[in-house]
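Laboratory data are not the source of any read-out in this text; all were calculated from the coordinates shown. Since the model is a prediction, treat every value here as computed from it, not as a measurement. Glycine gets a Cβ as well: all are built from the backbone with ideal geometry, and neighbour counts include every protein chain shown.
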Amino acid sequence: MIERLDVVNFKAFASASVPLGRFTLLSGLNSAGKSTVLQALALLRQSHAAGLLDGGSGSGLLLNGELVELGTGRDVLHENHVDTGGEGPQITLSVTEKGTVSSWTALYGQESDILHLQKQATDESLSLFGPGFQYLKADRLAPSVTYPRSHEIAVRRGFLGCRGEHTVNFLRHRQDDRLTSSCLQHPDALSMSLLDQTDAWMREICPGVNLQAATIEGTDLVRLGYRIDVAGLPTALSHRPTNVGFGLSYVLPIVVACLSATPGSVILLENPEAHLHPRGQTVMATLAAAAVAAGAQLIVESHSDHVLNGLRLAVKHGKLDGSAVRLLYFQREHDGVNIINPVIGSDGMISEWPPGFFDEWENSLDQLLG
Ligand SMILES: Nc1ncnc2c1ncn2[C@@H]1O[C@H](COP(=O)(O)OP(=O)(O)OP(=O)(O)O)[C@@H](O)[C@H]1O
Ligand SMILES: [Mg+2]
């Protein structure tokens, strides 16, 4: 498990130390630095996957790749960078696992899209670089009639794509795999297979929905169909994703990422609540908590009270230990970003509510009643 991320001179942060839990919820105002935390982790993973953290002379941080496209050195160096001496500005990213700090320091190059490493960790057996990694960004793939069929990405690497674009092919290929943990099991599912479980959780999030994934013969494409059953009416036809709204397409990758989580997998989710109705958001958060109970580490950026409440309910109902949860509230201040850590008790109650921390509902209610 990644216990901490430290960054120096990287994008929104001059310097920050971010403690992480098995379930970390990043919250706070827009542009406070939440996605920057996910991007720092993704940048390390992307550089490692490209073989650029191997300690050789060409080692570096690969700024533009499959996971993140950050631009050049000038885009990622913190505006008011702290000069750490040596040969000019440096960017340092460090992750702590099992009490050991692995650190990478890169030299700034204004127009470079690979920042060459000056100092780097030698131990690379980090969960961040292990199998089962997923990173789903806020702007996921809009509903589509067909989806790509990449054997390399979806089947061999088991990656859903940053926009969830490989989810349908992954699901088609792995549909009969059994879930690795009973924590993730939906009681109404027909079996423990990935497809039946995905179907049951999707129905819990959006009542009446049924999934159908199939290849299109003679092409490199996969098709997904949704049947929406309405109580009291005869069985409905299968509809194209483009004809059933945004919510289902947006949440499917999140559901599949959680259900296929294995012990040690690291899953980064940016605004998983996007396009979901409030009850669906709460259900989705309880599923995410179940993925953590199954042994994965989740780092989730969210603006949703319902996601927070789903997490609190998972703790209250004993599905997840409160000590596994880290709530990080990012506050922008004149001299940088301040990170506050409210704590969830075993009853689901939260230790402190700093101003701006999921308090808008109450603020509006006060005005309505006042
Ligand atoms: N090179 C840089 N130097 C200083 N600040 C930067 C740099 N690059 C980006 N930023 C700042 O980072 C912030 C954006 O951070 P980030 O995308 O992590 O925000 P966020 O908390 O995820 O926001 P949202 O809730 O809208 O998703 C902005 O305030 C932007 O000015
Ligand atoms: Mg963000």
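Structure notes:
- Evaluating kT/(6 pi eta Rh) at 25 °C and 0.890 mPa s, with the Kirkwood radius of the stretch 134-301 over Cα pairs in the Stokes-Einstein relation, gives 155 µm² s⁻¹.
- Estimated from helical segments only, the mean residue ellipticity of the chain at 222 nm is -7500 deg cm²/dmol, where each DSSP H run of four or more residues counts as -39500 (n - 2.57).
- Taking the number of Cβ atoms within 10 Å of each Cβ as an exposure proxy, the fewest-first ranking of 284, 1, 349 is 349, 1, 284.
- Under Karplus coefficients 6.51, -1.76 and 1.60, residue-wise ³J(HN,Hα) of the stretch 179-190 in Hz, glycine/proline x: 4, 7, 9, 5, 4, 8, 5, 8, x, 8, 6, 5
- Here, P(r) means the percent of Cα pairs in each 5 Å bin from 0 to the largest distance; for the stretch 257-370 it is 2, 11, 19, 23, 21, 13, 7, 3, 1, 0.
- Using alpha-carbon coordinates, inclination of helix 247-259 to the longest axis of the chain, degrees: 70 degrees
- In a simple Cβ point-charge model (Lys, Arg +1; Asp, Glu -1; nothing else charged), the stretch 134-301 has a dipole of about 180 debye relative to its Cα centre.
- For the stretch 284-370, chymotrypsin sites (Phe, Trp or Tyr not before Pro) are listed when DSSP marks them as loop and at most 15 other Cβ atoms sit within 10 Å of their Cβ; the list is empty.
- In the chain, the longest principal axis of the Cα atoms and the axis of helix 278-293 are about 60 degrees apart.
- Dipole of the chain, positive end: most advanced residue of 205, 185, 293 [Cβ charges, Cα centre]: 185
- Compared with the dominant Cα axis of the chain, that is its longest principal axis, helix 194-205 is turned about 90°.
- Take the Cα radius of gyration of the chain and divide it by 2.2 N^0.38 Å, N being the number of residues; the result is 1.02.
- Highest-fluctuation residue, 222, 307, 325 considered, GNM on the chain with Cα pairs under 10 Å: 222
- Rounded to the nearest 20 debye, the dipole size of the chain about its Cα centre is 900 debye, using +1 on the Cβ of Lys and Arg and -1 on the Cβ of Asp and Glu.
- Among the lysines of the chain, pairs that are 8 or more positions apart or on different chains and have alpha carbons within less than 20 Å of each other number 4.
- For the chain, a Gaussian network of Cα nodes joined below 10 Å ranks 238, 47, 27 by mean-square fluctuation, and the top entry is 238.
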